[in-house]
Structures are given as C-alpha cells and as structure tokens.
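Everything below concerns the one structure shown next.
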Amino acid sequence: MRRLPDGRVQFEGPGEVPPVSMSLSSTTWNRTGDWRSREPVFRDLTPPCADACPAGQDVVDQVRLLSQGRVREAGEVVLSANPFPATTGRVCPHPCTSACNRGRMEGPVDIPGVERALGDLILAEGVEPARSPATGARVAVVGAGPAGLTAAHYLGLGGCEVTLFDRGDRPGGLLSRGIPPFRLPRSVVDAEVERALKPGVRFAGGRSLGRNLDVDELVREFDSVLLAIGRHLPRRLGVPGEVANGVVDGLDLLSAQGLGDVPKGRRAVVVGGGNTAIDCARSLRRAGFEVTVAYRRGRGDMPAFADEVEEALEEGVAIEDWLLPAEVRVMDGSACGLRCVRARPGAPDPSGRPRPVPVPGTGLTLPADLVVAAAGEELDALGLPAGWVEGGRVVLPPELAGRVAAIGDCAGAAGTVAHAIGEGRRAAAALACRLGAAAPSEDLLSERGAEPEVAGFDRVRTAWHRPAMPSARGREDAHLRRADEREVRRGFARDEAMREASRCLACGTCAGCELCYQLCPDRAVVRGAPGAYGVDPSRCKGCGVCVEECPRGAISLRERGGT
C-alpha cells in the first residue's frame with residue numbers, strides 16, 4: 001500500500017484491499033464541489049421581533065449583548081435606534097413579543113422587561129452616544145413629544161444646532177404630561193429626556209403656533225423646520241351639558257393630576273375606550289373615586305392595551321360597554337351624571353369595527369360628580385397656513401419638501417410612543433443627509449446585512465435549543481397599588497434580565513454556534529466571526545445538511561450560480 005502526495009492510498013495488490021469498507025486516509029483530496037448543483041448561502045434574515053418593532057430596533061442584537069452582560073454595548077445598539085428604552089420598556093405594547101418565535105415553544109421572550117432593565121442600567125451607568133462635529137446647520141423642531149424629541153436628539157447628535165419648541169414648560173409631551181407615574185415614573189422620563197437633549201438641543205418652552213410662534217418666521221430663520229405638534233385638541237362629546245363644571249378633558253386631567261391637582265368628588269364617569277380613558281380611570285381610582293368607563297363598542301373593540309384594561313378591572317374600575325353618551329346631567333351648574341343610551345353592533349365602519357347603533361328606549365343615567373371626556377384628540381391647526389391641513393392631518397405643499405416636514409401624530413402616523421420614535425429617527429436621517437450632517441440609521445437590520453425576508457418559526461430547529469421557561473416579573477397587588485402612585489409592574493434585576501435575554505433564539509441570525517462546521521460531511525464550511533461563515537466551493541457538494549440543521553435558519557440553499 002502506497003500513500004500518494006495528495007493523501008490518497010494506492011493498493012498494490014488485491015491482498016491489500018480490506019474486507020470491509022473503512023477509512024485509511026483523509027478525504028480532503030476529494031474535491032466533491034466540482035460536481036455540485038446546489039450551494040449553501042450564509043445570510044442573516046430579519047427576526048420577526050425586529051420586523052414587528054415600530055421603532056425599528058435591532059431587537060436580537062441588543063438582547064444578545066445584554067445576555068452576555070455587555071451592557072454598554074447593548075446600550076449603544078438600542079440608543080442608535082431609540083433614545084428612550086427605559087420608557088418604551090414600560091409603555092410600549094411591544095408587538096415584538098407577540099411575534100416572538102419562542103412563543104410557540106415555552107413562551108415568548110419578555111422583550112419589554114429586558115428592554116426596561118437595559119434602559120434602567122444604561123441610565124445608571126451613564127451610557128451616552130457621542131456627538132458628531134458641528135455642521136452649522138440650524139433646525140427648528142416644533143413639538144417636544146416623543147417624535148419631536150427623537151428627531152431633535154438625532155439631529156443634534158449629527159452635528160446640527162437644534163431648537164426644540166413646545167407649548168409646555170417642560171419637554172416630553174405625552175410622556176411627561178399624559179402617562180401616569182404608576183405606568184411611567186417621572187424620574188425615568190426626566191432622566192431620558194435630559195440625555196436626549198444633551199447633544200446640541202436647546203429647549204424653548206411656552207411657545208406654540210398661532211400664539212407666540214410663527215411658522216413663516218421659522219422657515220425664514222432656520223435651514224429646516226420639523227412639525228411634530230401631535231394631536232392635543234380634545235374631541236368633544238357633542239351632547240347637551242358638556243360645558244358644565246365638572247366636565248373635563250382626559251389629557252388635561254392627567255396633566256393636572258401630575259402636578260398634584262387632585263379633583264374633588266366621589267363618583268366619576270370616563271367616556272372613551274383608549275389608553276387615555278383607562279389611564280384617567282385608574283388615576284381617579286387612586287384619588288378615591290368610584291369610576292365607570294362608558295365605551296360605545298364592545299370591550300374587545302377597545303383600542304386600549306389589553307393588559308392595561310385587565311389591570312384597571314383588578315383595581316375596581318367598572319367598564320360599561322355599548323353605551324352612547326346622550327346628555328350631561330347638570331344641577332346648579334355642575335355635572336351630576338351622564339345620561340346614556342344602549343347600543344348594538346351595526347355594520348363595520350372604516351376601522352373595521354362594528355358601528356354602534358342606538359337602541360331606542362334604553363336610556364340610563366350614570367351618577368357622577370366628574371365626567372371625563374377621553375374619546376380621542378384631534379389636530380390643533382391654529383397657526384398653520386391655509387392649505388397645510390387636509391383630512392385632519394398636516395399635508396405640506398410639494399414646494400416645501402426639504403425645508404418643512406411633518407412627523408408623528410399630526411401627520412397621521414400610528415399613535416404609539418414606539419411609532420413616534422421610529423418616525424422621528426427616520427425624519428432626522430432624511431434631513432441630516434440633506435444638511436450634510438451625520439445621519440442616524442434608517443434601517444439597522446439592512447445595515448448589518450440582514451435580508452428583508454422574515455425568519456418564521458419554520459426556520460427554527462427547536463431540537464437544538466434547550467428548554468427555558470420565561471421569567472415572571474409580576475405586578476403589585478391591586479389593593480396596594482390603588483393606595484399610591486407606585487409602579488404597577490415589577491422590573492428585572494440585572495441577572496434576571498440577562499437570564500431572560502438568554503432565551504432569545506436569535507431567529508435568522510448567525511450566533512457562531514458552529515454546528516454547520518461540525519456537521520458538514522465534506523469539511524466545506526469555512527469558519528469566521530458570527531455572521532461571516534462561508535463555504536469552500538471546491539469541497540461543498542450541496543447536500544444541504546448545514547441548511548437543515550442551522551438552529552436559527554441563517555443558511556439557505558440555492559441553485560449553483562443563482563442569487
């Protein structure tokens with residue numbers, strides 16, 4: 001038997017041939033790739049959590065880094081997309097959790113709990129993004145809610161000189177005036193807003209369009225103007241008696257309570273079914289009121305977050321559905337009740353929900369010292385030039401493109417904080433490019449090379465993932481939390497957050513597990529950094545073992561020479 005230079009073995013006679021098949025040398029000489037018809041492609045896909053995130057965060061990357069205890073790096077990733085992670089970890093409905101593939105195993109990763117913990121940790125550790133050199137470009141942002149704050153923050157980071165105008169005397173908008181502290185502590189909001197303003201943003205409070213701020217002057221004075229004025233005009237009930245004493249707007253009530261102005265009375269009726277209505281009801285329970293929420297559709301149609309509704313019921317809030325307000329009962333100039341009529345489901349309206357149809361002869365009166373109108377808000381168009389408003393939203397003339405832009409709720413965007421943050425960052429990116437400033441990322445996933453295809457559960461190889469039950473955060477008991485403004489939902493400690501983060505499957509994302517390298521029968525996989533593996537085309541015969549066994553679906557098979 002003679003061993004050849006390339007590693008093969010040559011038998012010199014029949015007697016040297018073994019009686020059974022066996023390996024006598026390496027097979028590295030066998031270039032099986034020369035006859036393959038298919039080839040694997042190492043490519044990250046979009047994780048379903050990131051696909052569902054309205055703010056456009058790279059959820060998998062920030063969760064991965066936190067699971068490894070790399071808090072500062074995880075903070076840098078999240079802050080590149082969202083300046084307010086401690087806030088969104090508390091108030092965002094987190095559609096990412098509903099999309100989580102682990103939800104089809106032991107339960108989804110508690111992404112809001114992990115994000116909240118990360119946000120709190122980076123505040124405590126003082127993690128802050130660095131500002132790029134100043135460009136001299138001057139930008140006015142009108143509205144200091146989450147959309148305007150986000151845009152101002154990233155424009156400031158990019159080197160612009162930003163002036164942030166707001167009608168209130170403190171920045172934050174809805175975050176500081178419209179969300180109760182039992183959901184979002186003021187200390188958290190204040191700390192994140194302070195960090196957002198640091199990179200070259202000057203706040204000018206007490207300024208509002210049509211009163212002491214002129215949009216034409218802003219256009220002349222600044223290189224660009226961003227309108228992020230939100231929707232603050234209360235939607236009226238449209239019933240007799242609504243101007244009586246004791247009838248208040250929901251956002252005004254929350255703002256006043258935040259300043260310590262507690263309303264007097266014993267019984268309250270809140271009209272509406274959104275988050276503002278539920279926040280008002282829960283705040284009034286803490287002020288000692290008996291509270292009834294009157295909603296015109298069924299409970300399942302309420303736009304309020306389902307967990308907030310559940311917590312309100314635990315706290316003793318009564319919900320009366322299919323009720324339409326008909327008249328505020330007035331005695332001696334003050335509200336004493338709300339007369340309503342029952343409704344039934346009718347044909348769907350443009351939102352797809354059933355239109356409430358009054359049922360004759362079903363009137364009833366809900367006793368109340370306080371009637372709260374929380375049925376939504378509309379655009380306050382005061383100070384906007386004629387032709388800038390269409391269909392209840394800001395629509396700018398084409399000739400203003402590049403000079404003036406509208407973002408957030410005032411432009412008709414979806415109304416969550418996360419949507420506003422995503423809008424603000426994307427607007428800042430577009431404007432920064434035009435002004436020659438450093439731009440934030442518009443799409444973090446594509447910038448790190450992830451394909452737009454979403455990694456569904458069919459791409460996950462569950463056998464390679466160890467079972468891991470979700471960690472429970474829990475919430476304070478209802479009888480305790482009704483007594484004060486303590487935060488209802490508990491948070492994770494650092495080690496708990498790391499443990500929960502480690503449950504992430506990293507769907508569609510190479511994690512460097514090396515199973516492909518270990519299982520390849522032809523030793524064709526070329527090792528690299530996570531996300532940088534490849535194949536030796538001279539050895540790979542396209543068998544597809546790596547594709548079938550990749551735990552996260554980060555390898556695909558294509559026809560040779562395809563794309």
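Taken together, the values in this text are just the output of simple stated rules run on the coordinates, not laboratory data. Only a predicted model underlies this, so the values are computations on that prediction, with no experimental measurement involved. Using ideal geometry, Cβ is built from the backbone for each residue, glycine included, and neighbour counts are taken over all protein chains shown.
With the charge dipole of the range 237-376 set up from +1 on Lys and Arg Cβ and -1 on Asp and Glu Cβ about the Cα centre, the Cα lying farthest toward the positive end among the listed residues Leu253, Ala287, Val271 is that of Val271. Taken about its Cα centre, the range 119-235 carries a charge dipole of roughly 400 debye when the Cβ of each Lys and Arg holds +1 and the Cβ of each Asp and Glu holds -1.
For Cα pairs less than 8 Å apart in space and 6+ apart in sequence, what is the mean separation divided by the residue count of the chain, i.e. the relative contact order in percent? It would help to have the intermediate numbers written out before the result.
Details: 1206 pairs, mean separation 129.1, N = 563.
Relative CO of the chain lands at 23 percent.
The loop-placed trypsin sites (Lys or Arg not before Pro) in the range 155-219, going by DSSP, that have at most 13 neighbouring Cβ atoms within 10 Å of their Cβ come out as Arg211. Debye calculation, C-alpha points only, no solvent: report log10 I(q)/I(0) for the range 237-376 at q = 0.11, 0.17 Å⁻¹, in the same order as the q values. After summing over all Cα pairs, the log10 values are -0.37, -0.88.
3J(HN,Hα) couplings calculated from phi for the range 336-342 with the Karplus curve 6.51 cos²θ - 1.76 cosθ + 1.60 (θ = phi - 60°) are, in sequence order, 10, x, 10, 7, 10, 10, 5 Hz; Gly and Pro show x. Share of Cα-Cα pairs in the chain beyond 48 Å, in percent? Summing the P(r) of the chain above 48 Å gives 24 percent of all pairs. Assuming charge only on the beta carbon of Lys and Arg (+1) and of Asp and Glu (-1), the dipole of the range 237-376 about its Cα centre is about 480 debye to the nearest 20.
Roughly how many debye, to the nearest 20, is the charge dipole of the chain about its Cα centre, given +1 on each Lys and Arg Cβ, -1 on each Asp and Glu Cβ, and no other charges? Provide the component values of the computation, followed by the final result.
On the way: 71 positive and 74 negative charges, 160 e Å.
Charge dipole of the chain: 760 debye, to the nearest 20.
Put in line by how crowded their Cβ is, counting other Cβ atoms within 10 Å and starting with the fewest, Tyr533, Tyr295 read Tyr533, Tyr295. Here the contact order of the range 306-444, divided by its residue count and restricted to Cα pairs under 8 Å and six or more residues apart, works out to 12 percent. Here is the list for the range 92-137: trypsin sites (Lys or Arg not before Pro) lying in DSSP coil, each with at most 16 other C-beta atoms within 10 angstrom of its C-beta, are Arg131. Remark: Val59, Val404, Val219 ranked as Val219, Val404, Val59, counting other beta-carbon atoms within 10 Å and listing the fewest first. In the range 237-376, Cα pairs under 8 Å separated by at least six residues give a relative contact order of 33 percent.
Which order do the peptides 281-288, 262-269 take when ranked by the mean count of other beta-carbon atoms within 10 Å per residue, highest first?
On the way: 281-288: 21.0, 262-269: 18.4.
Put in order of decreasing packing, that is 281-288, 262-269.
Residues Ile122, Ile229, Ile407, ranked from the fewest to the most other C-beta atoms within 10 Å, line up as Ile122, Ile407, Ile229.
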